[in-house]
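Below is one structure; the comments refer to it alone.
Each value in this text was obtained by applying a stated rule to the coordinates, not by laboratory testing. Computed from a predicted structure; not experimentally measured. Quick reminder, even Gly has a Cβ in these numbers, built from the backbone with ideal geometry, and neighbours come from all protein chains shown.
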Amino acid sequence: MGTTVSTLTPGTRSRKAIYYGTFIHSRTITNLDIITQGAIGVDDSGKIAFVERNVESPEKLFLNFPEWVGVRVFQTPKDGFFFPGLIDTHIHASQYPNAGLFGSTTLLDWLTTYTFPTESSFSDLTFAGTVYNRIVNRTLSHGTTTASYYTTIHVPATNLLSEICHKKGQRAFIGRVCMDVNCPDYYGDESVSMAMANTKDTIEYIKSIDPDYRVVSPIVTPRFAVTCSGDMMSELGKLAKQENIPIQTHVSENEYEIDFVNKSFPKSGSYTNVYDDHGLLTPRTILSHAVHLSEEELKLIKSRRTGLSHCPVSNSALGSGVARVRDWVDEGVNVGLGTDVSGGYSPSILEAARQALLVSRILAQREGVERYKLSIAEVLWFATRGGARVVGLEGKVGGFEVGMEWDAVLVGLGGVDGAGEGVLDSEGEEVVVGDEQGLTIGGVDLFGWQGDWEDRVAKWVYAGDERNNLGVWVGGRLVYEKERQGVERLVRRNGLYN
């Protein structure tokens, strides 16, 4: 069974379709909305035109929507469901070759040992193309429909990632990394003026391929206060305001890093204040990690309406610490999830959600504070609607409501029949998701008595992976399918529609 990224391009097929079956999305941060017999209509622009519940069959649906007769109908298989596309609020596309490589390092020595040497290699466009094509394909297979990417200092390679995301259809924020102090001799911006000119070049290039930023958008990206001068940060803050584009950077990831920043900017008083003093703390700013925030810093972030990207995999892998996410939520700060590849070893937001759950339980046990535990509903909110808020796409993606974009993942779970064989049945043509030993493809086995959807979702969050993703759509466009034409086998066919 081959994994493929869809070769469909805009305009090759109408995006108008009806999706029928089970839909699961976040209603609130603590509640999932589970629609077990529903239908969603997606129009030619890729937006949701209607959401219907308690639909007996597509045939009955057409009585109320006769103008939709003739469109394709995608039906979820048994034990399958549609879920909103996942949103990665913090990922370094250029670091993907290093995923899983840490040695015994922590943040700052990891940067000099692994990260900077690899990023410097992106002056080679062939190398850059190989890596960027692979990471976009990989994240799409994991159900990531929106990603906020860091690239490198290189303009041509950054522009290339913009092209790749636009062509493949992944919604993306593309940020050329800016860094002008405390950099290795072989890698860094030569001056503030050069960094600004190069950043403007990438912004203009993205405008040229996607003028309305419908799929790809630029994002101002000072690496972090350790490698950015005050002058550079101030100029980048002005540029973001002038261009009306978002900002992304790191904050309070590692205790040594925090000490370094406080000594470099003693007048600011805190790491977060450094960004505020230079015009970088805005409602459109994404701060990643935030492991060691003080209470005063968290209140400042809330007052500026800045979003936080929780990166539990990276925080654990680099030994940075455990973020008190419950405090963020209680303060009313918008929270999303980030894979932080390659500080994080996995490009999967589902893995980030899983680790967010696990580290919150460790924190609760260590601190003796039960409320520090996160719930499945909460981490799925962070992965979708919360992430949408953090990247500035609230109301556009992250859920299933009229007017929102059809960014969705079709998830298949493995039902186990009476003989112990793993199969995935649809009411129409059978879709087998298993091998010759009867093991389901993916880590989730469902037994007959496990019919409760809350339990199924829990098993998916804790045991699922990209093998469970049968298809992925962005803006109504099929951008990934588990096997070529595999999703087409889930299209119902009869006299009413083709």
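Packing-wise, with mean Cβ within 10 Å as the measure, how do 143-156, 238-251, 466-479 rank, highest first?
Averaged packing, sorted descending, gives the order 143-156, 466-479, 238-251.
For the pair A364/A463, report the inter-label distance in nm, with labels modelled 7 Å from Cα in the Cβ direction.
2.1 nm
Helix 349-367 against the longest principal axis of the chain: what's the angle in degrees, Cα atoms only, rounded to the nearest 10?
Value to nearest ten degrees: 60.
Distance in nm between label sites at D44 and W449, each 7 Å beyond Cα in the beta-carbon direction?
Rounded to a tenth, the inter-label distance reads 5.3 nm.
Under a crude label model (7 Å from the Cα following the beta-carbon direction), how far is I29 from N64 in nanometres?
3.3 nm
At what distance in angstrom do the alpha carbon centres of the range 62-127 and the range 443-475 lie from each other?
With the range 62-127 and the range 443-475 each reduced to a Cα centre, they are spaced 19 Å.
By its C-alpha gyration tensor, with a ≥ b ≥ c as the square roots of the eigenvalues, how is the range 86-390 shaped: rounded for a/c under 1.5, else prolate for a/b larger than b/c, else oblate?
Rounded, since a/c falls under 1.5.
Amide H of V444 versus every other amide H placed in the peptide plane: which residues, excluding those fewer than 5 positions away on the same chain, fall under 5 Å?
Close amide H contacts, sequence-distant or interchain: G414.
Are there trypsin sites (Lys or Arg not before Pro) in the range 338-376 that DSSP marks as loop and that have at most 16 other Cβ atoms within 10 Å, and which are they?
In loop regions of the range 338-376 (DSSP not H, G, I, E or B), the sparsely surrounded trypsin sites (Lys or Arg not before Pro) are K373.
Compute the separation of the alpha-carbon centres of the range 19-40 and the range 347-377 and state it in Å as a whole number.
A separation of 24 Å, based on Cα centres.
Mind giving me the FRET efficiency for R53 and R134? R0 is 56 Å, r the Cβ-Cβ distance, nearest 0.05 is fine.
Details: r = 40 Å, r/R0 = 0.72.
Step by step, r from the Cβ atoms, then E = 0.90.
May I ask for the Rg/Rh ratio of the range 205-301, computed from Cα atoms with Rh as the Kirkwood radius, given to two decimals? Could the numbers behind the result be given before it?
Numbers: Rg = 14.2 Å, Rh = 14.0 Å.
Rg/Rh for the range 205-301 comes to 1.01.
What FRET efficiency comes out for the pair S375/M194, r = Cβ-Cβ distance, R0 = 45 Å, nearest 0.05? Kindly include the intermediate steps, with their values, before the conclusion.
Values: r = 47 Å, r/R0 = 1.05.
So the FRET efficiency works out to roughly 0.40.
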